[in-house]
Amino acid sequence: MVKKLKVMFAACMAALSLSAAAAEDYPTKPITIVLPYATGGSADLLARLAAQAIQDKLGQSVIVESKPGAGGVLGTEYVARAKPDGYTLLVTASGTMAVNPYVYKLRYRPLEDFEQVTVLVDLPFVVVTNNEFPTKNLKEFVDYARANPNAIRFGNAGMGTQQHLTQMMIGRAADVQLNIVPYKGSSPAMNDLLGGHIDAVLDNTGVQTPFIKSGKVRPLFVTAPERVAALPDVPTAAEAGLPGFQSVAWFGLAAPHGTPEAVVAKIQQAVAEAFAKPEMQQRLLDVAMIPKASTPAETTERVKADLQTFGKIAKEIDLQPM
């Protein structure tokens with residue numbers, strides 16, 4: 001038994017030595033960050049900010065490569081199968097890590113197939129109505145829904161998205177029936193909201209803040225535990241009348257499972273250092289993103305918690321993976 005323990009200890013020490021050696025030399029060639037979505041959105045901005053942070057700190061070129069499709073599934077699967085050497089990273093999101101397992105029949109496992117590196121930002125949701133809809137706050141919205149079951153046409157960016165599941169959670173928390181209308185993205189949902197074809201939309205604050213500030217839509221509440229700096233006059237769900245309610249999207253970075261721990265730490269430290277700078281924090285806060293650099297362990301725990309949260313609502317609505 002003692003001999004076996006000595007062998008195991010030696011193996012562990014050898015692995016740690018290899019990991020440390022890998023981190024000491026890393027990186028020796030360009031790094032690719034895979035963006036599993038189309039370019040131009042919030043995730044694209046964050047991928048490029050993270051790429052610049054890593055490049056500045058570690059002294060190697062960092063390329064952002066878009067591989068969109070199936071709600072982020074295709075790019076995520078690609079990275080899950082990549083060599084675990086720290087040269088292929090993934091922009092993750094609460095959707096790809098914690099919601100997609102209940103929507104799609106995946107060929108990746110969020111916890112087992114990745115080393116979570118860090119959360120980059122939190123991105124709360126906000127409920128907005130068109131200016132002609134006769135509710136000005138959450139209480140009036142709930143009262144209207146109770147008096148008119150399934151009458152509120154409530155749009156989102158797609159069936160099975162975190163927005164969709166959050167709407168279901170709102171309906172249950174407020175004990176109301178809502179007519180949830182899924183679209184293929186935020187833009188068509190907003191076109192119909194502004195055109196008066198639907199009454200309300202739930203979307204992330206990054207997308208909605210310009211519409212709110214220009215007065216084109218009326219905000220009711222945000223789903224974060226605290227008010228969003230870019231929208232200081234918009235109450236939280238708890239303040240508006242849903243105590244304890246929250247549902248916050250996030251973006252982060254991950255690497256393929258087996259990437260050396262010391263390499264993961266080196267990447268995380270580079271990003272955390274950049275995202276802690278006041279000018280970076282202000283840039284993100286101005287577009288309604290909340291900087292949230294976290295450790296790999298903290299990020300893993302967040303994925304676990306979100307899997308439980310969205311697994312519960314997916315089971316309640318009998319959501320079947322496609």
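The values are calculated or read from the model by the stated rules, or taken from the named source; none is laboratory data. Just so you know, these numbers come straight off a predicted model, no measurement behind them. Reconstructed Cβ throughout: ideal geometry from the backbone, glycine too, with neighbour counts over all protein chains shown.
Data for the structure
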{"item": "Any hit, the range 251-269, residues being surrounded by fewer than 19 Cβ atoms within 10 Å (Cβ to Cβ) and under 18 Å from the mean Cα position of the chain (by Cα)", "result": "no"}
{"item": "Filter pass, residue 172 being among the charged types (D, E, K, R), in contact (Cβ under 8 Å) with a residue 24 or more places away in the chain, assigned to a helix (DSSP H, G or I) and in contact with a helix residue (DSSP H, G or I) (Cβ under 9 Å, 6 or more places away or on another chain)", "result": "yes"}
{"item": "Number of the exception - residue 189 against (1) surrounded by fewer than 19 Cβ atoms within 10 Å (Cβ to Cβ); (2) farther than 21 Å from residue 281 by Cα", "result": "(1)"}
{"item": "Single unsatisfied condition, residue 197 versus (1) at pLDDT 95 or above; (2) surrounded by 22 or more Cβ atoms within 10 Å (Cβ to Cβ)", "result": "(2)"}
{"item": "Residue within the range 70-85 that is over 21 Å from residue 259 (Cβ atoms) and either at pLDDT below 95 or over 16 Å from the mean Cα position of the chain (by Cα) (or both) present", "result": "yes"}
{"item": "Filter pass, residue 134 being surrounded by fewer than 14 Cβ atoms within 10 Å (Cβ to Cβ), without any contact (Cβ under 8 Å) to a residue 60 or more places away in the chain and touching a Phe, Trp or Tyr at 6+ places or on another chain (Cβ under 9 Å)", "result": "yes"}
{"item": "Some residue of the range 54-64 being surrounded by 15 or more Cβ atoms within 10 Å (Cβ to Cβ), under 30 Å from residue 184 (Cβ atoms) and at pLDDT 95 or above", "result": "yes"}
{"item": "Hits in the range 67-83 (condition: out of contact with any Phe, Trp or Tyr (no Cβ under 7 Å at 6 or more places or on another chain) and either surrounded by fewer than 20 Cβ atoms within 10 Å (Cβ to Cβ) or of a type in the set (Phe, Trp, Tyr) (or both))", "result": "69, 74, 78, 81, 82, 83"}
{"item": "Filter result for residue 56 (of a type outside the set (Phe, Trp, Tyr) and not assigned by TED's automatic domain parsing to the domain that holds residue 282)", "result": "no"}
